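Novice: Please see the structure below; I have some questions.
The values are calculated or read from the model by the stated rules, or taken from the named source; none is laboratory data. Please read these numbers as outputs of a predicted model, since none were measured by experiment. Cβ sites come from the backbone with ideal geometry, for glycine too, and all protein chains shown count toward neighbours. These accessible areas exclude ligands, DNA and RNA; they are computed on the full protein's heavy atoms, side chains included. Shrake-Rupley method; radii C 1.70, N 1.55, O 1.52, S 1.80 Å.
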Amino acid sequence: MDELYFLTAKDARRLLFAKGGARLNLDLRKTSRSWLVTLDGDGFMFPDGTRVERDVIERIARDEGSVYFVRGGGVYKAAIAGEHFYKLVPTIPPTIEINGIRMHRTKEVNPLQDTRNKVNAVKPREGETVLDTCMGLGYTAIEASKRGAYVITIEKDPNVLELARINPWSRELFTGGKIQVIQGDAFEVVKKFKDESFDVIIHDPPRFSLAGQLYSEEFYRELFRVLKPGGRLFHYVGNPGKKYRKKDLQKGVMERLRRAGFAGVRRVEEALGVMGRKPENKGGKN
């Protein structure tokens, strides 16, 4: 695969203000590496020989909320238009916007800190098997695998998968060897797993209005079934509607989790979610 060189509005402005070119980080700060982009007449020459006209760089410099990449002689926006509009957003690390809604928290915490808060709630350990129900850009799966776990992660949307393949921060999903990616609807895929297959489940679904079935007692019973006795569950919920409508979605989630069989169900405020565990003895909630 051709190497991709990423540009944000900030990078483009640096290039325009520099005389004779500049050394830029071109992998969205995934590493501290820099590459030389040189001035070439009224354009700029990238490391792979792609020449980008100045007016294109000027257009990127005005687009604060998007990510662009240079590959094989062309310049492309990291975005997909279809039934919905998907794009990478230049937070560090990037998140995805779908119709203007961001998949990660980006206020007060960055997407990486947000991910670590979720994973820290259940603390995957060396040799454990983790189910990550809703992959997104895969930061949760990658973080869990870094702690020694084997991860199975599910993503329904092929457009999200495509942006994950582009995003340098998601590369370990496809190269690490300790992560299995399944494309499909988590509501259906989970039914195919054997009983007591996982030590840990991290459930981070889209908002309730978009995926209500992933908040249902029926689905929670499936998660309970595939979790090993003593296994831990973290469920990201957020606080939609709480500020203005005094609605407590977490309370309803906790009640349904308890009815599904989970014990020790409690809120995890720093991760805006709830957690629970499967009792060690099947006869009751210890």
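Novice: Please work out the C-alpha center-to-center distance from segment 1-30 to segment 122-146 and express it in whole Å.
Specialist: Spelled out, the Cα-based centre of one part sits 31 Å from the other.
Novice: Next question, about the same structure. Please state the relative contact order of the chain as a whole percent: Cα pairs under 8 Å, 6+ residues apart?
Specialist: 12
Novice: Now a separate question. Just to be sure I understand: of the beta bridges DSSP finds with both ends in the chain, what percent are antiparallel, rounded to 5?
Specialist: Just about 65 percent of them are antiparallel.
Novice: Carbon and sulfur atoms: what percent of the 1.4 Å accessible area of the chain do they account for?
Specialist: 48
Novice: Would you mind getting me the FRET efficiency between GLU280 and ARG29? Use the beta-carbon distance for r and R0 = 45 Å, nearest 0.05.
Specialist: Working: r = 43 Å, r/R0 = 0.96.
The value I calculate is 0.55.
Novice: What's the FRET efficiency of GLN183 with THR106 using the Cβ-Cβ distance as r and R₀ = 35 Å, to the nearest 0.05?
Specialist: The computed FRET efficiency comes out at 0.85.
Novice: Tell me, in nm to one decimal, what length is gained between ARG267 and LYS191 on full extension, where the rule is 0.36 nm per residue of separation less the Cα-Cα distance?
Specialist: Difference between extended and current length: 24.7 nm.
Novice: By how many degrees, 0 to 90 and rounded to 10, does the Cα axis of helix 217-226 deviate from the longest principal axis of the chain?
Specialist: 90
Novice: Using just the helices of the chain, give the 222 nm mean residue ellipticity in deg cm²/dmol: DSSP H runs with n ≥ 4 each add -39,500 (n - 2.57), and the total is spread over all residues, rounded to 500.
Specialist: When only DSSP H runs of four or more count, the value is -7500 deg cm²/dmol.
Novice: Further, regarding this structure: With every protein chain present, what is the per residue accessible area of the chain (1.4 Å probe, Å²)? All intermediate terms of the calculation are to be shown ahead of the outcome.
Specialist: Working: 13780 Å² over 286 residues.
Each residue of the chain exposes 48 Å² on average to a 1.4 Å probe.
Novice: Once both labels are modelled 7 Å past Cα along the beta-carbon direction, what's the THR38-ILE92 spacing in nm?
Specialist: Going from the THR38 label point to the ILE92 one covers 2.8 nm.
Novice: Distances longer than 19 Å among the Cα atoms of segment 5-77: what percent of all pairs is that?
Specialist: Details: 544 of 2628 pairs.
For segment 5-77, the share of Cα pairs beyond 19 Å comes to 21 percent.
Novice: State the antiparallel share, in %, of DSSP beta bridges confined to segment 111-278, rounding to the nearest 5.
Specialist: 35
Novice: Calculate, in nm to one decimal, what VAL56 and LYS247 gain on full extension: separation in residues at 0.36 nm each, minus their alpha carbon distance.
Specialist: Length gained, VAL56 through LYS247: 64.2 nm.
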